[in-house]
1. Taking the condition of being in a strand (DSSP E or B) and hydroxyl-bearing (Ser, Thr, Tyr), how many residues in the range 21-69 meet it?
2. What are the residue pairs meeting all of these: first residue in the range 38-67, first residue within 15 Å of Cys24 (Cα to Cα) and touching a residue at least 24 places away in the same chain (Cβ under 8 Å), second residue among the hydrophobic types (A, V, I, L, M, F, W, C) and in a loop (DSSP other than H, G, I, E, B), Cβ atoms under 7 Å, and 6 or more apart or on different chains?
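Values quoted throughout were computed directly from the atomic coordinates according to the rules given, and no laboratory measurement underlies them. Here the structure is a predicted model, which means the values were calculated and not measured. All Cβ positions, even for glycine, are placed from backbone atoms using ideal geometry, and neighbour counts span all protein chains on display.
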Amino acid sequence: MKLWIAAVVVLCAPLCASAQIKSCDDLKAEIAKKIDAKGVTNYTLTIVDKGKETEGKIVGSCGGGTKSIVYERTTPASQPKPAPQPKPASDNTPK
C-alpha cells in the first residue's frame with residue numbers, strides 16, 4: 001500500500017508543478033500592480049529570453065524558467081517649457 005501511494009505521488013508531482021507555472025503576462029501584471037502600489041512611476045517591465053543581457057533588473061521568471069521579466073526606470077517625458085511672458089512696457093519717456 002505504501003509503495004502504491006509513493007508511486008502516485010511521484011507520478012502526480014509534475015502535474016502539480018505545472019499548475020504553479022504562471023504565464024508571463026499574468027506575472028508581469030502582478031509585478032506592475034505591486035510597483036504601482038508603492039507609488040513608483042516612469043518604469044517599464046519587459047519580458048525577455050532568460051540569459052539575455054539587459055541593463056535593467058530582473059524581477060521575475062516565467063514561462064517555466066525560459067523567460068525573465070526586467071524592470072527598468074525611465075526618464076519622465078519632458079514637459080514643454082511655458083512660453084516666456086512678455087514684459088510690460090515701461091513708460092521711460094521723460095516728462
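1. Of the residues in the range 21-69, 5 are in a strand (DSSP E or B) and hydroxyl-bearing (Ser, Thr, Tyr).
2. Sorted first by the residue in the range 38-67, then by its partner, the pairs are Gly64/Ile21.
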